[in-house]
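In what follows, a single structure is set out as C-alpha cells and then discussed.
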Amino acid sequence: SMMKKYVSFQSNSKGAARAGLFFFFTRDGAYMIKTIKKDEAKTFSRILPKYYEFMKRNAKRSLLTRFCGMYSVKITDSTDDGTEKDSSKEKEHVFIVMNSVFPAEASKFVSERFDLKGSTVGRQCSVKEREEKGPNAVLKDLDLAREVSAAASEQSILDEPTYGINIGSRTKKSLLAQLRRDVALLEECQVMDYSLLVGVVRSKDDPQNILIDQQRQNDILLPFGLLNLREDSLVERIISSPVGKKVHWVVDRALWWVLPNSMPYYGAGVCGVDGGVLSIIPGRRSGHRAVYYMGIIDFLQPWTWKKVMENEIKGLVGYNTR
C-alpha cells in the first residue's frame with residue numbers, strides 16, 4: 001500500500017500533539033512530511049520570498065530546514081457503505097515537505113538528541129521521558145547547561161574540555177557565525193519558537209584505549225583506528241618513516257569521514273538531502289570521538305501580540321525568557 005512508503009510519528013511538541021499534528025518520514029529517511037497549523041501556513045507563504053533569496057546565497061552553509069513545498073489536502077469522512085458524507089464538512093490538512101536533519105535509521109546509532117532554543121523556561125527533559133525513551137529522549141537547554149556546569153567544575157581550565165558539544169574552536173567559530181546569520185533572517189521574518197536540533201553519534205570505543213590494547217598485540221593503530229597494520233609487514237616498514245606516518249595519518253582520518261566506526265553499516269551516516277557543510281560535524285563527546293548532526297527547525301510560528309504578552313508575563317514572574 002501507499003502508506004508502506006512512509007514511517008509515521010507523533011509530534012514531540014505537547015502543543016502540536018494537542019492540536020492533532022503529526023509527521024511522516026519517507027522510507028529512505030531523506031524527507032519529512034509534517035502537518036502545520038493555518039497560521040504557520042500563512043507564515044510560510046509570507047516569509048518564502050526572503051527565505052528563497054537567503055538560501056540562494058547561503059545554502060552551502062545555512063542550517064535552516066530545506067523546504068521542498070507546501071500542500072493542502074481536503075478529506076471528507078465516508079459512511080459505512082463507502083459513500084461520502086456532506087462535502088461541506090470536509091477537513092483541510094496543510095502539510096510541508098522538508099529535509100530530515102538526521103540520516104535514515106538514525107535510531108540505530110544516534111545516542112543523544114538535543115532540542116536547543118536558548119531559553120530556560122520548561123527547557124528540561126522529564127525523568128519519565130528519559131526512562132521511557134532512553135537514547136531517543138529529547139534533551140533540552142537545561143540538561144546541557146547542567147552537564148556543562150557540573151563537568152566544568154571538576155576539570156582543570158588547562159585541560160581540553162571533554163563536556164558539552166565539543167567541535168573545536170575553529171569549527172565553533174564558523175558554526176556560531178552561520179547561526180547568527182540564520183537567526184538574523186528569522187528575526188527579520190518575525191518568527192519565533194525555532195530550535196537547533198542536534199543529534200550525537202558517539203564512537204563505541206575510545207581510540208586511546210584501543211591504541212593501548214593493540215600495541216600490546218604488536219599492532220600499529222593510528223589515531224582514528226581504521227588502518228591497522230602488523231608490525232612485521234612490508235607496508236608498515238615503509239610507513240614507519242616520518243613522511244609515511246603523516247600520509248598514513250591523513251588517509252586514516254579521511255576514512256573516518258566515510259567509514260565511522262559507530263555506524264552500523266557503510267553509508268548509514270549520510271543524510272538523503274544535503275543540509276550544508278555545517279549540518280554534519282565531526283568532534284568529540286565525553287572524551288570519545290563523535291559526529292554531530294545539526295539543523296534549525298520549527299521556525300514557522302509567527303511572533304504575535306499574544307506571544308509578546310505571554311513572554312512579558314513570564315518575565316514578570318521571574319522566568320528567564322531570553
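Annotations for the structure displayed:
- Which numbered condition K172 fails, given (1) of a type in the set (K, R); (2) more than 18 Å from the chain's Cα centre (by Cα); (3) within 16 Å of G283 (Cβ to Cβ): (2)
- Looking only at region 295-305, and only at residues there that are outside any loop (DSSP other than H, G, I, E, B) and open to solvent by 10 Å² or more (accessible area, probe 1.4 Å), the one that is modelled with the lowest pLDDT: W305
- Any hit, region 99-114, residues being assigned to a helix (DSSP H, G or I) and open to solvent by less than 50 Å² (accessible area, probe 1.4 Å): yes
Yes or no, residue by residue, for (1) within 30 Å of I75 (Cα to Cα); (2) in contact (Cβ under 8 Å) with a residue 24 or more places away in the chain; (3) basic (K, R):
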residue	(1), (2), (3)
E92	yes, no, no
M98	yes, yes, no
K108	no, yes, yes
E112	no, yes, no
D115	no, yes, no
T120	no, yes, no
C125	no, no, no
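- Qualifying positions in region 134-146 - closer than 29 Å to C271 by Cα, out of contact with any strand residue (DSSP E or B) (no Cβ under 9 Å at 6 or more places or on another chain) and surrounded by fewer than 15 Cβ atoms within 10 Å (Cβ to Cβ): G134
- Residue, farthest from R27 (Cα to Cα), within region 267-283, restricted to residues that are touching a Pro at 6+ places or on another chain (Cβ under 9 Å) and surrounded by 19 or more Cβ atoms within 10 Å (Cβ to Cβ): I280
- T43 vs. criteria open to solvent by less than 60 Å² (accessible area, probe 1.4 Å), more than 30 Å from E105 (Cα to Cα), β-branched (V, I, T) and at pLDDT 80 or above: yes
- Condition met for K173 (modelled with pLDDT of 75 or more and open to solvent by 80 Å² or more (accessible area, probe 1.4 Å)): yes
- For region 21-40, a residue qualifies if it is open to solvent by less than 50 Å² (accessible area, probe 1.4 Å), in a loop (DSSP other than H, G, I, E, B) and either more than 16 Å from M98 (Cβ to Cβ) or modelled with pLDDT under 85 (or both), and the qualifying residues are L21, G29.
- Within region 136-169, considering residues that are closer than 19 Å to I281 by Cβ and touching a helix residue (DSSP H, G or I) at 6+ places or on another chain (Cβ under 6 Å), the one modelled with the highest pLDDT: G164
- Inside region 124-179, residues that are part of a helix (DSSP H, G or I) and under 22 Å from S62 (Cα atoms) make up a count of 12.
- Filtered by the rule that a residue be charged (D, E, K, R) and either under 28 Å from A41 (Cα atoms) or open to solvent by 60 Å² or more (accessible area, probe 1.4 Å) (or both), region 123-132 gives R123, K128, R130, E131, E132.
- Failed condition for T120, given (1) exposed (fewer than 15 other Cβ atoms within 10 Å of the Cβ); (2) not in a helix (DSSP H, G or I): (1)
The values are calculated or read from the model by the stated rules, or taken from the named source; none is laboratory data. Given the structure is predicted, the values throughout are model-derived calculations rather than measurements. Don't worry about glycine lacking a Cβ; one is built from the backbone with ideal geometry, like all the others, and counts go over all protein chains shown. The accessibility values were calculated without ligands, DNA or RNA, using every heavy atom of the protein model including side chains. Shrake-Rupley method; radii C 1.70, N 1.55, O 1.52, S 1.80 Å.
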